[in-house]
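Here is the structure we will look at, set down as structure tokens.
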Amino acid sequence: MNSFAATIFSLLFLLTTSNTSLQAQQIALTFDDAPMRSGYFSGSARTDTLLTALKNAGVEQVAFFVVTSRLNAAGTARIERYAQAGHIIANHSHRHQSMRRIGVPNYIDDIFIADSLLRGFAGYNPWYRYPFLDEGRTRSARDAIRAALTGNGYQNAYVTIDNYDWILDALFVEGHRTGRKIDFEQLKALYIEHLWNSVQFYDGLSREVLGRSVRHVLLLHENDLAALFIDDFVYFVRRQGWGIISPIDAYQDAIATIVPDVLLNNQGRVAAIAKAQGYTGPLSQQSEDRNYLEKKFNQLIFDQN
Ligand SMILES: [Zn+2]
């Protein structure tokens, strides 16, 4: 190969590999349990802060999964603001109840009460995010709910990356409430580290089980930590070579049409596919653990009190 041909070859090689990695490493952001009650921020201040952070970070579209029993006047106004900013509004049930406790018929009713309350919002999509990611503990319950959803034009708004952002948020809000001195830089670092551990773990599982990096859907909550640090997390993710995509793009991935025949769905779709394929390795990572996070929190965030 002469030097000109060698240069062209290496340029082509670089283009191909960088294209592959750009296309492969993509992630959509989704926020459950909106509108969440006041914590560190009041509800409306949290909405302001979160919208500003997303805008500043250049994230054009995320999805908010709404628990419609929380739609009093102030809650409704917050969801309208998310919709007006171009984000997707979708269904996370009316009362966020346990399927096992209320039974399948009541559970299905609850989904469609929420549906009727959400249809008027701009940005509404017929997507259902299962509370607790619990798709049913028996095949009959699971299949009855799946049939009700598809029969009504609904898509399962699965996640691929599970994590415990809600435990970190609960520890933060409790620390704030009880007057603990909080190291916000350490808190930001711990939040990003925990989320990134989860991204890497489930992306590794995706490569191992499916032979590729799927278009990921990250489960977050509409909480104070998201409002405080989502822009920093997005900058961090981009520095690792990943891109942020709309949830609409993420649900174009081929795994959106794979419905694994398993009862373990509460760690996301990639883990469910792994389980269905007989994968025997771990389906969650080290920091997806309450004790681990509590210990880290006490060491890092409250230490200097
Ligand atoms: Zn939830």
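The values are calculated or read from the model by the stated rules, or taken from the named source; none is laboratory data. These numbers were taken from a predicted model, which means no experiment stands behind them. A quick note on method: Cβ atoms are made from the backbone with ideal geometry, for glycine too, and the neighbour counts reach across all protein chains shown. Areas reflect the complete protein model, heavy atoms only, side chains present, ligands, DNA and RNA absent. Shrake-Rupley method; radii C 1.70, N 1.55, O 1.52, S 1.80 Å.
Taking the charge dipole of segment 171-305 about its Cα centre, with +1 at Lys and Arg Cβ atoms and -1 at Asp and Glu Cβ atoms, the residue from 259, 276, 299 reaching farthest to the positive side is 276.
Accessible surface area normalised per residue over the chain is 46 Å², counting heavy atoms of protein chains with a 1.4 Å rolling probe.
Considering only 201, 152, 223, and ranking their Cα positions along the charge dipole of the chain that arises from unit charges at the beta-carbon of Lys, Arg, Asp and Glu, the one farthest toward the positive end is 152.
For segment 25-300, just say rounded, prolate or oblate: build the C-alpha gyration tensor, square-root its eigenvalues into a ≥ b ≥ c, call rounded for a/c under 1.5, and beyond that prolate if a/b exceeds b/c, oblate if not. Rounded shape, in that the Cα axes give a/c under 1.5.
Note on residue 240/residue 295: beta-carbon distance plugged into 1/(1 + (r/R0)^6) with R0 of 22 Å gives a FRET efficiency of 0.25. Couplings 3J(HN,Hα) for segment 193-202, derived from phi with the Karplus relation 6.51 cos²θ - 1.76 cosθ + 1.60 (θ = phi - 60°), are 4, 5, 5, 5, 4, 5, 4, 5, 4, 6 Hz, where x marks Gly and Pro. Under 23 Å of direct C-alpha separation, and excluding same-chain neighbours fewer than eight residues apart, residue 55 reaches these lysines: 188. Under 5 Å from the amide H of residue 89 lie the amide H atoms of 64, 124, 125, each residue being 5 or more positions distant or on a separate chain, with H modelled from the backbone and absent for Pro and chain starts. A simple charge model with +1 on the Cβ of Lys and Arg, -1 on the Cβ of Asp and Glu and nothing else charged puts the dipole of the chain at about 300 debye relative to its Cα centre. Each Lys or Arg adds one and each Asp or Glu takes one away; over the other residues whose Cβ falls under 14 Å from the Cβ of residue 254, this sums to +1. Given axes a ≥ b ≥ c from the Cα gyration tensor, I'd like to know whether segment 66-155 is rounded (a/c under 1.5), prolate (a/b larger than b/c) or oblate. It comes out prolate by the Cα gyration axes. Couplings 3J(HN,Hα) of segment 113-120, computed from phi: 5, 4, 4, 5, 7, 9, 4, x Hz, in residue order, whole Hz [Karplus 6.51 cos²θ - 1.76 cosθ + 1.60, θ = phi - 60°; x for Gly and Pro]. What a 1.4 Å probe finds exposed on segment 25-300 is 48% carbon and sulfur by accessible area, rounded to a whole percent.
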